[in-house]
Amino acid sequence: MDQTSLRERDIAYQIHPHTNFGAHESAGPVVIAQGRGVFVTDSTGKEYLEGMSGLWCTNLGFSEPRLAEAAARQFARLPYYQNFANKATEPAIELAENLIRHAPAPMSKVLFQSSGSEANDTAMKLVWYYHHGVGKPDKRKIISRQRSYHGTSVATGSLTGLPHIHRDFNLPIQGVVHVSCPHFYRTTVADETEAQFSARLVAELEETILREGPDTVGGFIAEPVMGTGGVVVPPKGYFEGVQAVLRKYDILFIVDEVITGMGRTGHWWGSEQYALQPDMLVSAKGLSSAYLPISALLINDRVYRVLKEQTAKIGLFGHGYTYGGHPVCAAVANEVFNIYRERDLIAHAKRVGDYFQRKLNDRAEHPLVGEARGLGLMGALEIVGDKKTREPFPLDRKMAANVAQFAAQAQLNVRPLGDAVCIAPPVIITEAEIDLLFERLDTALAQALKMA
C-alpha cells in the first residue's frame, strides 16, 4: 500500500480520539500494519516493542493464534445472538461462570457490555436502581477521584477526573463529586508520612460525604491503581480507610478493574493486592486481550437481591446492549481464561512483574526522573525539572511527550500522561524483552536529557 495514500486518506476521513486535530493533519498517522508477540510493525516496516499493550489491553500480545481460532469456530457455529429476556448462548454462560469463579471477592452475577465505558455507565445506573429498591432514592451522588479514568461517555466522562475530558463538553454532570487523587509524591504536604497522607485523604472523603449529605451519596468508584491518571499506586492504608468510610455510610463500592484486571498487577485482579471488597467490579480490555470488544460488570449478592426485587416490582430489568454477551467476543474471552490457566500466566505475570519493577526503580536515579512507581506490569516515570524540589518542567516543554517521541525513534512505544511516561507491556513479555524495553527507554531518556 502506498504510504502517502494511507496518510492522506487517514487525514481526510478519520477522527482520532485524544488527539490534537491540527497537529495530526500536519504530522499524519503512524499506521500499524501487523503484530508479533510483544512487537508491532508499522506500514513502513519499522518494528516497535509495544510498551503499552496498545491501550493497556493486549495482554496476550499481538499474535495469539488460539484467540483467532476460537473466534473462527464461534463465527461458524453462531456469529451472533442477543442476550435479552430469557435468551442465552453457551459462550456467554461459560464466561460469566469463569468471571465469578475467578473474582477477587464473593460475587453473584455478571452483566455483559462491549466496553469499559459501557460497564462503568451501567454500574452508575445500578447504584441509582439499587438505592431506589431499598427506599433511598436520594442516594444518587457518585464520588470519584481527581485524575481517575472511567471512560468518556456522558456519565463515565463525568466520573473521570481529567480536566480535558470535561472541558467544553459540559461535564461533569450534576451528582458526580471528585475527591483528591492519592498520589503521595505529588500531593503530600510538609513532612507528612505516607500513613498521615492516607489518613488525610480518608478524612477528606468522609468530610465530602458529610458536606454533600450521607443520604444523597450512593456510590464510590476507584481503580485499584490509577492507569490513565499516571499509574498512581495508592499509599499504605488508603483503601482500608476508604472501605471503612463507605461501609459507615452505606455507600456502594465500584472497583474499576478495566486496566488492572487479568494479570496486569501480578494477580488476577488489582483488588487482591489491596484486599478490596467491591459491590460491583468492572472488567474489560485484557478480558479478551482486546482481540474483540467485550466488558463485564460483576455484582455481589447484596446488589443482585435488590435488583431481583426491583424487576419483580417493575416487570423487567430495563437496561442492556445489543452486543452485550456477544457469543464470538465471549468465546474469545473464554479462550483467554483457558490460556491463562494452562500457561499459569498469573504466576508468570508476578515473576516478570517483579523483574519489571526492579528495572523501573533503577531509573529513579536518572536526572530527569523524580519518581519511579508501579505495580506488576504497569509503571511510570515522573519527569521533573528539579529532583530536589519535585518541580515539573513548564507545560510548554512537554518533556514526558519528548521522552515518548524519542522512545518511538528508538523503536519503543510508551505513553506520556501529564508529567509521567507510562509503561504497561503485554503480560506475556519475557525478562529478555523487558531488558530490551529498558535499553530503548534509556536511549530516549538520554536524548531528552540533552534538551533539558
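The values are calculated or read from the model by the stated rules, or taken from the named source; none is laboratory data. Note that the structure is a prediction, hence the values are computed from the model and not measured. As a convention, Cβ positions derive from the backbone with ideal geometry for all residues, glycine included, and neighbour counts pool all protein chains shown.
For region 276-301, the tally of residues that are surrounded by fewer than 24 Cβ atoms within 10 Å (Cβ to Cβ) and within 14 Å of the chain's Cα centre (by Cα) stands at 1. Yes or no: region 369-388 includes at least one residue that is surrounded by 18 or more Cβ atoms within 10 Å (Cβ to Cβ), over 19 Å from the mean Cα position of the chain (by Cα) and part of a loop (DSSP other than H, G, I, E, B). Within region 369-388, one or more residues are surrounded by 18 or more Cβ atoms within 10 Å (Cβ to Cβ), over 19 Å from the mean Cα position of the chain (by Cα) and part of a loop (DSSP other than H, G, I, E, B).
For (1) crowded, with 20+ Cβ neighbours inside 10 Å; (2) of a type in the set (S, T, N, Q); (3) on the phi < 0 side of the Ramachandran plot; (4) modelled with pLDDT of 95 or more, each residue gets a yes or a no:
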{"position": "ALA92", "(1), (2), (3), (4)": "yes, no, yes, yes"}
{"position": "ASP121", "(1), (2), (3), (4)": "yes, no, yes, yes"}
{"position": "MET124", "(1), (2), (3), (4)": "yes, no, yes, yes"}
{"position": "LYS136", "(1), (2), (3), (4)": "no, no, yes, yes"}
{"position": "SER148", "(1), (2), (3), (4)": "yes, yes, yes, yes"}
{"position": "THR160", "(1), (2), (3), (4)": "yes, yes, yes, yes"}
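Within region 411-430, at least one residue is farther than 23 Å from VAL225 by Cα and in contact with a strand residue (DSSP E or B) (Cβ under 7 Å, 6 or more places away or on another chain). Of all residues in region 65-110, those satisfying the criterion of being of a type in the set (S, T, N, Q) and either under 22 Å from VAL303 (Cα atoms) or not assigned by the TED database to the domain that holds VAL255 (or both) are ASN83, ASN86, ASN98, SER108. Answer with yes or no whether LEU316 is out of contact with any helix residue (DSSP H, G or I) (no Cβ under 6 Å at 6 or more places or on another chain), of a type in the set (A, V, I, L, M) and part of a loop (DSSP other than H, G, I, E, B). The answer is yes for LEU316.
The sole residue among ALA404, ALA400 that is assigned to a helix (DSSP H, G or I) and either closer than 20 Å to ILE32 by Cβ or in contact (Cβ under 8 Å) with a residue 60 or more places away in the chain (or both) is ALA404. Taking residues in region 180-202 that are farther than 22 Å from PHE220 by Cα, and partners anywhere that are part of a helix (DSSP H, G or I) and among the aromatic types (Phe, Trp, Tyr), the pairs with Cβ atoms closer than 6 Å and at least 6 places apart or on different chains are THR188/PHE197; GLU194/PHE184.
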